[in-house]
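Q: Please read through the structure below; I'll follow up with questions.
Bear in mind these aren't lab numbers, they're just calculated from the coordinates by the rules spelled out. Keep in mind that what you see is a predicted model, and the values were worked out from it rather than measured. Positions of Cβ are generated from backbone atoms using ideal geometry, with glycine treated the same way; all protein chains shown enter the neighbour counts.
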Amino acid sequence: PVVLGIETSCDETGVGLVRDGVLLGEALSTSMDEHARYGGVVPEIAARAHVQAIVPCVRAALASAGMAASDIGAVAVTAGPGLATALHVGVSAAKAYATALGVPLYGVHHLAGHLAADLVDGQPLPNPLIALIVSGGHTSLLQVGDLARDPIVHLGDTLDDAAGECFDKVARVLGLSYPGGPAVDRGAAGHDPTALAFPRPLLGRNDAPYTFSFSGLKTAVARWAESHPDSGVASGDVIASFQEAVVDVLTAKAIRACRDRGIADLLIVGGVAANSRLREVAASRCAAAGIRLRVPARRRCTDNGVMIAALGDLLVRAGAPPSPPDLAAMPGAYLERAQLGVPVTL
Ligand code: ATP
Ligand code: MG
Ligand code: FE
């Protein structure tokens, strides 16, 4: 069947249409600009934007596929985690489409969606693999088997800020534009990543090999900027040195997880996986370590509906049970399995 995927966990209204691993249509609308003056996503503004964008996005995705709503055979939606008000819009819309069309509904985990982002552009995912999720709200190392069936094993998370959050906060401190991650990426380009030695929190710590911490790094950059208002170091070098510290820690710990677990496949996903330097360093370090690296195309790293449709398609083909029709948004959902709102024991 054609799977309609709906994503509304943050500020992107994303819709995708996937059948048997093939992308048929997509649409994306963002309220990013409306949040810029507040320096972060405002839940009420995001939710209102989702309400306005969701039906037009579904129609646009169908038009791009040359299909009608009656061609949809299943609906997948991000049930959590994310902003409660924002999730609620997508879940309500998904339930309405599923009920009106008489097709099954699949509530899925947003981070499992990120893990599935590469499925429509590449080969099936290797099993098992080590996954590094680096996004606005999460920084996690996971061991993943069959995404549709197996429990996901958490190896480690961040103790404080997520990597994307760190990019966004440091960008603000350095006076860069919103959103911060892409601005840091651009600002660092062509500059010297070794100009300043910012701390690499928890790097090489055998008692916390897969644990991250970024709040201290953020503070270190803020202190440096305050105490060197007239320094000769170009701001591009500061940005590049900060970015290098994040990239160094992320890639070193991900590769260590692969080595320790004897797994030669690494998948890096989430918004920060769009970062040029992370993609570059991960590629060279993985090549040196004999690890096969998978990173989705840039536009599939940040939130989108295609990844949710791809995960729904995977679940449908695996014969997973649909979610109950009273599926509710789960803002604080923990990632132990891809599908949410289904009373199955793994
Ligand atoms: P989560 O997936 O944890 O719920 P989210 O959905 O808000 O969080 P994503 O859309 O996956 O997050 O990613 C957004 C984050 O990615 C932001 O923090 C943003 O700054 C960061 N980001 C996007 N592009 C880049 C880039 N090129 N370099 C670094 N960070 C980036
Ligand atoms: Mg976003
Ligand atoms: Fe996300």
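Q: Tell me, what HN-Hα J-couplings in whole Hz come from the Karplus equation 6.51 cos²θ - 1.76 cosθ + 1.60 at θ = phi - 60° for each residue of the stretch 156-167, using x for Gly and Pro?
A: Per-residue couplings from phi come out as x, 9, 8, 7, 9, 6, 7, 4, x, 4, 5, 4 Hz.
Q: At 222 nm, what value in deg cm²/dmol follows for the chain if DSSP H runs of at least 4 each add -39500 (n - 2.57) and the sum is divided by all its residues, to the nearest 500?
A: Helices in the chain give a 222 nm mean residue ellipticity of -12500 deg cm²/dmol.
Q: What percent does the relative contact order of the stretch 215-346 come to when contacts are Cα pairs within less than 8 Å and at least six residues apart?
A: Dividing the mean separation by the residue count of the stretch 215-346 yields 18 percent.
Q: Right, something else. How long is the gain from Asp121 to Asp207 if the chain were fully straight, where each residue apart is worth 0.36 nm and the alpha carbon distance is subtracted?
A: 27.2 nm
Q: Apply the Kirkwood formula to the stretch 221-346: the hydrodynamic radius equals the inverse of the mean of 1/r over all pairs of different alpha-carbon atoms; give it in Å with one decimal.
A: Roughly 18.1 Å, rounded to one decimal.
Q: Right, another one. Near Ala225, within a Cβ-to-Cβ distance under 15 Å, what is the net charge of the other residues, with Lys and Arg +1 and Asp and Glu -1?
A: +1
Q: Over the chain, calculate the relative contact order: mean separation of alpha carbon pairs under 8 Å at least 6 apart, over the residue count, as a percent.
A: About 26 percent, as a whole number.
Q: Fewest to most neighbouring Cβ within 10 Å: what's the order for Asp160, Asp168?
A: Asp160, Asp168
Q: Can you sort His228, His138 so the residue with the fewest Cβ neighbours within 10 Å comes first?
A: Fewest to most other Cβ atoms nearby, the residues stand as His228, His138.
Q: Taking Cα pairs under 8 Å and at least six residues apart, what relative contact order does the stretch 1-145 come out at, in percent?
A: Averaging sequence separation for qualifying contacts and normalising by length gives 23 percent for the stretch 1-145.
Q: Can you tell me how the stretch 20-158 classifies by the Cα gyration tensor, rounded, prolate or oblate, using a/c under 1.5 as the rounded cut?
A: oblate
Q: For the chain, divide the Cα radius of gyration by the Kirkwood radius and give the resulting Rg/Rh value with two decimals.
A: 0.98
Q: For the chain, find the longest principal axis of its Cα atoms and tell me its angle to the long axis of helix 84-101, 0 to 90°, nearest 10.
A: The angle comes out at about 30 degrees.
Q: Sort Thr194, Thr85, Thr8 so that the residue with the fewest other Cβ atoms within 10 Å of its own Cβ comes first and the one with the most comes last.
A: The order, fewest Cβ neighbours first, is Thr194, Thr85, Thr8.
Q: Using θ = phi - 60° and the Karplus form 6.51 cos²θ - 1.76 cosθ + 1.60, what ³J(HN,Hα) does each residue of the stretch 104-112 get, whole Hz, x for Gly and Pro?
A: Here the 3J(HN,Hα) series is x, 10, 10, x, 10, 7, 4, 6, 5 Hz.
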